1. Yes or no: A:Thr308 part of a strand (DSSP E or B), farther than 18 Å from A:Arg477 by Cα, more than 14 Å from chain C (Cβ to nearest Cβ) and in contact (Cβ under 8 Å) with a residue 24 or more places away in the chain?
2. Please work out which one of (1) within 19 Å of A:Arg209 (Cβ to Cβ); (2) modelled with pLDDT of 90 or more; (3) of a type outside the set (Asp, Glu); (4) surrounded by 22 or more Cβ atoms within 10 Å (Cβ to Cβ) is the condition A:Ala81 fails and give its number.
3. Would you confirm whether any residue within region C:284-291 is within 10 Å of chain A (Cβ to nearest Cβ), surrounded by fewer than 23 Cβ atoms within 10 Å (Cβ to Cβ) and touching a residue at least 60 places away in the same chain (Cβ under 8 Å)?
4. Can you tell me which residue is modelled with the lowest pLDDT among those in region B:205-256 that are farther than 20 Å from B:Leu194 by Cβ and β-branched (Val, Ile, Thr)?
5. Run down B:Leu240, B:Leu278 and say which single residue is more than 10 Å from chain A (Cβ to nearest Cβ), touching a helix residue (DSSP H, G or I) at 6+ places or on another chain (Cβ under 6 Å) and more than 27 Å from A:Pro269 (Cβ to Cβ).
6. For region A:250-293, name all the residues that are assigned to a helix (DSSP H, G or I), touching a residue at least 40 places away in the same chain (Cβ under 8 Å) and not polar (S, T, N, Q).
7. Identify, from the list B:Val150, B:Val168, B:Val140, B:Val186, the residue that is within 22 Å of B:Phe245 (Cα to Cα) and in contact with a Gly (Cβ under 6 Å, 6 or more places away or on another chain).
8. Could you list, in sequence order, all residues of region A:193-207 that are within 14 Å of chain B (Cβ to nearest Cβ) and part of a loop (DSSP other than H, G, I, E, B)?
Amino acid sequence: MSIAGRATAKRRWGRFLLDLRAHRTARRAWGGAAGMVLVLLLNGCFRAEPPADVVIVNGNEPESLDPQIVTGVSEMRITKALFDGLIRLDPTNAAPMPGLAERWEVSADGKIYTFHLRTNAVWSTGDPITSADVEWSWFRALDPATASDYAGQLFGIRNAENWYNGEVTNRAAVGFRAVDAHTFQVELNVPLAFFLELCAFPTLAVLPRRTIEAHGDRWLHARPLPTSGAFTLEAWRVNDKVRLRRNPRYWDVAHTASEIVDVLPVSSPNTALNLYATGAADIVWDKDLVPAELMDALVGRPDFHNFTYLGTYFYRFNVTEPPLNDARVRRAFALATDKTRLIGKLTRGIGRPASHFVPDGVAHYSSPPGLGYDPEAARAALAAAGFPGGSGFPRLTYTFFAASGGANLHGKIAVELQQMWREVLGVEIELRQIERKVFYASQSKLDYQISTSSWIGDYNDANTFLDLFRGASGNNRTGWKNARYDALVAAANAETDPTRRAGLFRQAETILIAEEVPIVPVYFYLGYNYYDDRKIGGLWPNILDEHPIQFIFKRRSPHPPSASGRPEKRVGRAATRS
Amino acid sequence: MYFLKRILWLIPLLLVVSGVCFALLRLTPGSPFDRERRPASPEIERQIAAKYHLDEPVWKQYGRFLRDLLRGDFGPSLKYRNHTVNDLIRQGLPVSMSLGALAFCLALGIGLPVGCYTALRRGRWGDYVGSLYALLMVCVPVFVLAPLLVMFLAVRWHWFPVALWGSVRHAVLPVLALGLFYSGRVARLMREGLLNTMHAEFIKTARAKGLSETAVLLRHGLRPALLPVVSYAGPMLADLLTGSFVVETIFQIPGLGAAFLNGFLNRDYSLVLGLVMLYAVLLVFLNLAVDFIYTLLDPRVKYE
Amino acid sequence: MSEGQGTTPLSPGRRAWRRFRQHRIAVASAWFLLCVIGFAVVYPPLARYGPNELSAAQFAPPSAAHWLGTDVHGRDLLVRLCHGARISLLVGVAGAGVCLVMGVVWGAVAGYWGGRVDSVMMRAVDVLYCVPSIILAIVLMAVLEPVFRRWLDAWHCTKTPALARLGVLFLALGAVSWLTMARVVRGQVLSLRSRAFVDASRVLGASPVWILRRHIVPNVLGVVIVYLTLALPGIVLAESFLSFLGIGVQMPLASWGSLLAEGTEQINPIRIYWWLLVYPGGLLVATLLALNFLGDGLRDAWDIRRDS
C-alpha cells in the first residue's frame, strides 16, 4: 500500500500545487521533529563530573567486576582495587604480603595454612570482615551456580574439586573453615609452593555476602556496594569508564594515594596513544595497547617503561594430524623459525626471542636450552622424516585470529613464518585467519594444523606454564600426550624442595621444547607501561605487571628535574574534561 | 487505521526477525564461552553453559527468549555478565541517540543546502564543486576519515579532545565523522529530487507567471523535491540512532554501535538479539513517520 | 541486449548509449576504470617483485626501487595495489553478480505473479531490511565458511582457506545488497505487467517464462544495469570495512580494503608512513568516485529516476 501509494504520488506530483494549510502543518511537523531532537540532546548524557586524580587506560571493557567471574588481567586490576583477599601482592616486586590476613602459619608438611585476620578490617559500609565472610566467599567460588571460570584455582584445597563436582556434600569435609571470627584454616591436598600467591588471586577474594544474596548477578549495581578493598565503585558505565573512589574505612587507607581514579576501557592502541599524548590519560598499562611498529621510537622515551613479563608467544602443532604426528617434522619447523628476524621486523628489535617455553625471570627456575634457528638442521630433520627439500610435503594451514583496525600482530607473524618455512624448508603453508571465537572453538576441537597461541602466567611459578601440556589439561589443545612429561610435572608439583622441584620441571620442559616439540616458543612478552615518572608515582615495574591502584598517585608539584618551566598538565586536562 | 495496521504488523515482523537471527546466531561456529583459556575442569564448562541455559535444546532456548521478551526482558548479557541486556541498552541508547541526532542534524544541515545549491547551479562550477563534495563524502570510508580528523583537529591542533564522551566538545569530532558521510547522501538525493521537479508541469506554470528561477524552485519546487530525502531519512535515522561501530570504537564512545558488532564477535547472543529487536522496532516506527510526513508534504498520498 | 525490441529504428539500448557518450564525466570515469583494470592486469607480471615477496627493505619510502614504497614486511606496495585492485574489483563484480541474480529473480517473480506470492516475498524483504546489513554479512560469512571449506577440501583444493573466504565474501556481500534491487525490479515489472503487449502475448497463450524472458527482462534491463553500477561501489566499500575488521580477504592476499586498513593503522602522533595510507586510500576513493559517476551517467542515459 505504502509503496504503491508513494509510487503513484511521485509519478504525479508534477501536476499539483500544495495548499497553504498543508504548508503550515508541514512546518509544524518539522518544528516538532527539531524540538524532539533538541530535547533528546538536552536529555542526552553530557555529564558534569569532577575530574579524576588519575586516569588510567586499561585495555578492553571488563566483562565483569565480580572477582570470581573475571578472567582477564585488565579486569583483575580493577577487582583487586575493590575486593581484597587474605594476601596482597607487593607493588614493588609482586611478592605476597599481608592483606586481610595480618599473619599466618604453615604446618611443617606445608599442607595446612592458618591465617589470622585483622580485627580492624571492615567493609566500606562499616560492618566487620570476618573469617565467616572468607569461608562463604570461597564456597561461592566453588558453587556451580556462580559459574566461575577460575573455580579451579581452589582445586588444590582438600575436597574442593569433589565438592564442586557434587561428589562430596558435607561442607565440613572441604579443606577450609572459619575457626573463629578472625582465624581461617586451609588444608591442601599436596603442598603448593605458590599457595600464598594464589590467595592474592581475585577468585579467592572476600565478597559481601548479604549484597550478593539480595541482588544476584546484578549485585555490583547495588548501592551502597560494600567493598573490602582500597576503593569503592562510584560508577561503572560499560565502554565508558569505571570510577573508583577512596574507601575511607579501608584498614590501610593511610596508603591509598588518590581520591578518585578513572579506569578507561580502550581497545585501540592508537586511541590509547592519542589519549596519552594529549594528556587525557596519565597511564597506559596494557601491553596490547602499544603500537608494535612504533616500538623503536617509543623505547627511548623516558615515560616509556618496559620490563620482563610472564608471558610467552608460541605456536601449537596439532600432533594428531600427519605429517605433524612426526616429532622430526615438528622439530624441522621449530629449527626453521628465525625468531630474531621476526622481532627485528615486527617490533623493531624490541623483544626477547624465546627458545624455551617458561619465560626467563620466573621465580626459582631457569629453563633448559631449546631449539634455536638452524636452517641446516631443519632441512636435515625434514629430510629424515621423508620430505627432503620439502618435496611431497602436504599443504598445511596456519590458523590465527583476526583483530580489528588492522592492529594484527598475529597476522604479521603468520606472514613472516610462512616466508621462513618456504625459504628454509621449501614447504608451502596456507594462512587461515578467522574470528577469535571461531579460532578458540577450532583450537579446542583440534580443527587446525598449526596455530598461533600465547600464554600469560597467573602467578610467578613455572607450574602455571608447564601444567598446560599435561595430557589431561583442557588447555593442552595439541592432542599431545606424554606419560613421562605428565609424571615429571606431577612430581614437581608435589615437591617442596625448590632445587629438586626446578630439576623435575627442567626435565619436563626439555621433553616439551627440545624432544617432542608439540609447541614452538617464539618470543617472551615484554610488559609495557607509559606514564611520566615526574608526574605519576606509585608504580614499580615487576614481572607480574602488578600495579595495585591503591598506591598510584599524581605528584602535586613536579619533581625538581621537571620543574624547569613546564606547566603542570593537570590544569590543561581538567579544562578539557569539564 | 492504516497506521494501526502497520503497528500491528510489527508483531509478526519481530517474531520472524528474532527467529531468523536466533537461528543464524546458533548456526555460527564458536560460542560465548570459547576462550583462550579453558576452566580447570570440563565440569566447570558444563556448569557455565547450564547457568545460561545454553545446554538446552535450541527451540527451548528460543521459547525462553520469547517468554522473556513478552515481559520486555532480553535476559543477561553473556559477555558482560553483571549486566542484563536491558542495562546495556539503557546505558548505551542515550549516548548513541544524542550522537545520532546531532549527526542527523549535521547531515541535513549540510546536505540540504548543498543539494539545493548544486541543483540550482546545474552544469556550472558551483554544481561540480558541490557534487564532488557530496560524492567524496560517500566514497571516503569512515575508518579513514575518523582517524584523519583525530590526527589533525585533535592531536596536531588541539581543537577538540581525541576521544571519550562527556561534553559537547567531545561530541564534535564523532558527529563530524558520522554526519559527513550522510550529508553526502542527502545532498545527492536533494539535488536529484529538485532536478526532477524542475521538469514538472506546475513549475513551468509558475515560471510562466514571471517568477525568477530561484524563487520558483524554492517556493514551489522544494516541497515535492524533499520526498526522496524524507524516505531516505527514516532508515538513515534508524542507523544513526543505533550507532556506528567504527566511530564509536575510534572515539571510545559508550554507545550501541560498538556493542552491536562486538556483541556478535563475542557471540553475546542475548545482546545481539536485543539490539536487533531494538533496531527493527525503530526502523518500523521511523518508516511510519516517513509515511506520515509524506502525507504532509504531498496531500495526494492517502493511506487507507 | 535490447535487440529483442528491434521493432523501432532506435532501440532503447542504442538510444541510451548515444546519450551516455555525451556525458563527459561518465565517459572519463569509464576510461579511468579501464586504465586501472588494465594496469592491474598488465603490470604485476612485468614487475620486479612478487606480491608476497618479503624483503628486508621494511617501510621504505617511495623511491626508484619501490615506486610507491614498501610495507611492514618489505613488500612492494605498487604490486600489492595491483593485486588488491584485482581482488577488490572481483569482489565488487562477483558480489554485484550475486545481487543481480537474487534481486532480479526475486523482484521479477514477485512482481509478475503478484497477489499472495508477491506479498509473502516482499514481506521477506522487509524482514531482511530489519537486520543491519553488515551484521548479516558477517553472520553469513561465519556460517557459510566452514561449509565452503568442506566442499573445497573434498575436491582436494590446495588453496582452501583463501578460496573459501573469497567465495563466502562474494555470497555474503551480494546477499545483503539485493534487497533494493528486488524492490526496484518488482516495481518495474508490476507496471509492465499491465501493459498492452504483455496482455496480448498472454492472450495468445504464451507461457509466463516466455513472457518474462521476451518482454519483461529486456525492458527491466536498463534499471538493473543502473542499480548494479550503484551497488558495486557499496560492495567494494563493504569489503573494505570487513577488511578493517580483519575478516575480509584471506592473508597474505591483499584487497584495497586490507591495504587501507594497514594504512590507517599508521595514523599516529609519532610517525606516519604516509604512503601506506595515501596511495591505497587515493586509489580506492578515485575508483569509487569513477564508479559512481559511471552509474550517474548510465542512469541519465536511460532516463531513470532514482526510487527510494
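The values are calculated or read from the model by the stated rules, or taken from the named source; none is laboratory data. Keep in mind the model is a prediction, meaning the values are calculated, not measured. When we count neighbours, we look across all protein chains shown, and the Cβ atoms used for this are built from the backbone with ideal geometry, even at glycine.
1. Yes: the conditions hold for A:Thr308.
2. A:Ala81 satisfies all of (1) within 19 Å of A:Arg209 (Cβ to Cβ); (2) modelled with pLDDT of 90 or more; (3) of a type outside the set (Asp, Glu); (4) surrounded by 22 or more Cβ atoms within 10 Å (Cβ to Cβ) except (1).
3. Looking for residues that are within 10 Å of chain A (Cβ to nearest Cβ), surrounded by fewer than 23 Cβ atoms within 10 Å (Cβ to Cβ) and touching a residue at least 60 places away in the same chain (Cβ under 8 Å), one finds none in region C:284-291, hence no.
4. In this case the residue turns out to be B:Thr242.
5. It is B:Leu240.
6. Within region A:250-293, A:His255, A:Pro269, A:Ala272, A:Leu275, A:Tyr276, A:Lys287, A:Asp288, A:Leu289, A:Ala292, A:Glu293 qualify.
7. B:Val186
8. A:Phe201, A:Leu207
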